[in-house]
Amino acid sequence: MYETWEELEQSIVNCNKCKLCKTRQNIVFGVGNRNAKIMFIGEGPGADEDRLGEPFVGKAGKLMNMAFQAVGIKREEVYIANIVKCRPPANRNPEEDECVACLDYLRNQVMLVKPKIIVLLGSVALKNVLGKEYGITASRGNVIEKKGITYIPTWHPAALLRDESKKIDFINDLKLVLKNGEYYGEK
Ligand code: URA
Ligand code: SF4
């Protein structure tokens, strides 16, 4: 584990720890407030993120931004990262070996941000962070305390694009996030 962002960022440049390095355009490290109280964890970059090097800038990201706005979360005040930092080809789910290879970067990001609340966006984030025994349908909207961090799983924003009815759940889960912190900005 690295003690500084500079060392961590340096360590990921040209990473070839898994096969996703062969097809990526850009490593999508993470974005936002490095002292955030709330951290969001997604799955992995899509085509837009791969092109621009920033998480959640495509269709799902725009929807997430709108939901943020609706409840009063400022994107620049939270920290946003993914389970894998390189795009899985054709937007397939990241495979087990890819998640395992990449997870230390995320652990280090969590160690440096020290968030109070981690929002797990979808099944891949949930299972890789809390364990394979968790399912997203049963877990979303729950508040799970572990080692001083509050975890709140919710739908992945891309799921809202496929199923409109999940939008209200997503908004409610974001409200739950805000209710679990006295404020949403810096610690
Ligand atoms: N979906 C994700 O899980 N992460 C992104 O950064 C974009 C889409
Ligand atoms: Fe390295 Fe993660 Fe990219 Fe794999 S997905 S090459 S482990 S940065």
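The values are calculated or read from the model by the stated rules, or taken from the named source; none is laboratory data. Nothing here was measured: the structure is a model prediction, and the numbers come from that model. When we count neighbours, we look across all protein chains shown, and the Cβ atoms used for this are built from the backbone with ideal geometry, even at glycine.
Some points to look at:
- Taking the listed residues 119, 143, the one that is touching a Phe, Trp or Tyr at 6+ places or on another chain (Cβ under 6 Å) and in contact (Cβ under 8 Å) with a residue 24 or more places away in the chain is 119, with no other qualifying.
- Within the range 47-62, one or more residues are surrounded by fewer than 15 Cβ atoms within 10 Å (Cβ to Cβ), more than 18 Å from residue 8 (Cβ to Cβ) and free of Cβ contacts under 8 Å to residues at least 24 places away in the same chain.
- Applying the criterion of being of a type in the set (Val, Ile, Thr) and not in a helix (DSSP H, G or I) to the residues of the range 1-20, the residue that is farthest from ligand 2 (Cβ to nearest atom) is 4.
- With respect to the stated conditions, residue 39 fails to be touching a residue at least 40 places away in the same chain (Cβ under 8 Å), assigned to a helix (DSSP H, G or I) and within 12 Å of the chain's Cα centre (by Cα).
- Among the residues here, residue 44 does not qualify as assigned to a helix (DSSP H, G or I), under 19 Å from residue 94 (Cβ atoms) and within 10 Å of ligand 1 (Cβ to nearest atom).
- Test: residue 79 is within 16 Å of ligand 2 (Cβ to nearest atom), hydroxyl-bearing (Ser, Thr, Tyr) and either within 23 Å of residue 169 (Cβ to Cβ) or surrounded by 15 or more Cβ atoms within 10 Å (Cβ to Cβ) (or both): no
- The lone criterion from (1) touching a Phe, Trp or Tyr at 6+ places or on another chain (Cβ under 9 Å); (2) more than 12 Å from ligand 1 (Cβ to nearest atom); (3) within 30 Å of residue 164 (Cβ to Cβ); (4) not aromatic (Phe, Trp, Tyr) left unmet by residue 30 is number (2).
- Scanning the range 6-22 for residues that are in contact (Cβ under 8 Å) with a residue 60 or more places away in the chain, more than 16 Å from ligand 1 (Cβ to nearest atom) and among the aliphatic types (A, V, I, L, M) returns a single hit, 8.
- Residue count for the range 97-143, restricted to those that are surrounded by fewer than 16 Cβ atoms within 10 Å (Cβ to Cβ) and among the β-branched types (Val, Ile, Thr): 3
- Selection status of residue 100, outside any helix (DSSP H, G or I) and modelled with pLDDT of 95 or more: no
- Check on residue 162, surrounded by fewer than 19 Cβ atoms within 10 Å (Cβ to Cβ) and modelled with pLDDT of 95 or more: yes
- Only one of the listed residues (74, 85, 59) is under 19 Å from residue 129 (Cα atoms) and either touching a helix residue (DSSP H, G or I) at 6+ places or on another chain (Cβ under 8 Å) or modelled with pLDDT under 95 (or both). That residue is 85.
Yes/no per residue for (1) among the aliphatic types (A, V, I, L, M); (2) away from ligand 2 (no atom under 16 Å from the Cβ):
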residue: 22; (1), (2): no, no
residue: 26; (1), (2): no, no
residue: 29; (1), (2): no, no
residue: 32; (1), (2): no, yes
residue: 35; (1), (2): no, yes
residue: 40; (1), (2): no, yes
residue: 58; (1), (2): no, yes
residue: 63; (1), (2): yes, yes
